[in-house]
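Participant: This is the structure, below, for whatever I ask next.
A short reminder: the numbers here are calculations on the coordinates, not readings from a lab. Everything numeric in this text was worked out from a predicted model, so none of it was measured. A quick note on method: Cβ atoms are made from the backbone with ideal geometry, for glycine too, and the neighbour counts reach across all protein chains shown.
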Ligand code: ADP
Ligand code: MG
């Protein structure tokens, strides 16, 4: 199967070729034909499998196949949960649309709205946006959704987690009922299925990997350690192994800042990326990390979501996420494109419960290691089974991977509930592209 076999135009194929893609990824191969047919889809695939091109290419094909109405109304809208992801998706849209007459732009908060409004006024065919700023600009009449033919929800599960359901439904309420809806998600929770049921019409389910599965070539490793020793241990890990590019996850923004400071004082170049950082700081941190100006990027789950960081050999979970699906997303940052990756988690006694939840969705036990000099002293956690695996350094001691305890049971973050889609419709999606002006 080639991109040409999928029925994409020469102009799009040329751009794809320039990106160096030789053949479509499995998700692209499966999703693109349905999208070109005008069907709604609900697609799930692991992180890093090319979902962006999976929806962008057929949408560009549709937009360039159909005549632009004179005043160039917005016809395709991509919603993403984070600014970084919006910027990244838009970079892709720009690259893939290099040789077609398609105008695009990206809208997100944290930056001046004026230039965004000015660009929107010139007329764009496809817009990539985060929900908050988009609604703001809609309120200010800078954008209209009345002519939107295709709605794309990228990283829909994260949008749910971030509480964007109301915003999404509000945006949808301004759209025509007849439209095509594409929903992409790396994981599938009950809530996501509920959201999908409200928005999608007769969707084709496109799946390329077992749900919630992680990249095959990722090895998981847990170090049992006291909370108070985690920083020192992280510094040791990075220094002893001479790691040059490591993504570290913390649970909180404050934790990310604190760890970053400690790393820097230990002589390791690092930057934090999270929601309290200015857009400029976030963009700079990501750029410096990508071009290796800094060794460590310390991120919260929300900030890291969907970032395209290629070939990352190591991801460290400084703390385990309290939502197990987030673990899957985190380690989606490693082992991409067939490369081997290592997902390391530093687990203190009170996090044992999180570990067992993660093991449940991974359907595998993660071997635990205890490193000499960093033995956990906090015994409030579960009784440890004496199962072992070899550590990177130091002598192994006792440890365990049993993970259930009622003591210090961490509270789970409440999952989003009850999404009643305001704009949900029962009409049919568009059928058969290309098509003429409607409505
Ligand atoms: P996802 O959204 O599924 O996490 P992305 O769309 O961000 O994945 O793609 C991940 C990486 O794979 C990007 O660097 C992208 O350029 C690359 N990529 C996408 N499609 C292909 C392809 N057909 N062949 C090779 N690389 C691809
Ligand atoms: Mg993506």
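Participant: Evaluate the distance, in nm, between pseudo-label points positioned 7 Å from the Cα of residue 239 and of residue 193 along their respective Cα→Cβ axes.
Facilitator: My value for the distance between the label points is 5.0 nm.
Participant: Return, ordered by residue number, the residues of the range 11-30 whose backbone nitrogen is under 17 Å from a label point located 7 Å along Cα→Cβ of residue 99.
Facilitator: 11-24
Participant: Find how much the distance from residue 219 to residue 254 grows on full extension, using 0.36 nm per residue of separation minus their present alpha carbon separation; answer in nm with one decimal.
Facilitator: This chain segment gains 9.8 nm when fully extended.
Participant: Which value results for Rg/Rh of the range 55-155 when Rg is the Cα radius of gyration and Rh the Kirkwood radius based on the inverse mean 1/r?
Facilitator: 0.92
Participant: Here is a further query. Give me the extension gain from residue 226 to residue 9: residue separation times 0.36 nm, minus the current Cα-Cα distance, reported in nm with one decimal.
Facilitator: Here the segment from residue 226 to residue 9 would lengthen by 72.4 nm.
Participant: Which order do the peptides 73-83, 193-203 take when ranked by the mean count of other beta-carbon atoms within 10 Å per residue, highest first?
Facilitator: My ranking of the peptides, most packed first, is 73-83, 193-203.
Participant: Quote the FRET efficiency, to the nearest 0.05, computed for residue 122 versus residue 37 with a Förster distance R0 of 51 Å and r equal to the Cβ-Cβ distance.
Facilitator: Once rounded, the FRET efficiency stands at 0.95.
Participant: Kirkwood hydrodynamic radius for the range 118-176: how many Å is it when counted over pairs of different Cα atoms?
Facilitator: Computed over Cα pairs of the range 118-176, the Kirkwood hydrodynamic radius comes out at 12.1 Å.
Participant: Please give the Cα centre distance for the range 160-176 versus the range 34-112, rounded to the nearest Å.
Facilitator: First find each Cα centre; the distance between them is then 18 Å.
Participant: Right, next: Place the peptides 15-21, 163-169 in order of packing, highest mean first, counting for every residue the other Cβ atoms within 10 Å and averaging per peptide.
Facilitator: The packing order, highest mean first, is 163-169, 15-21.
Participant: Here's a follow-up. Just need the Rg to Rh number for the range 1-108, please, alpha carbons only, Kirkwood Rh.
Facilitator: Rg/Rh for the range 1-108 comes to 0.93.
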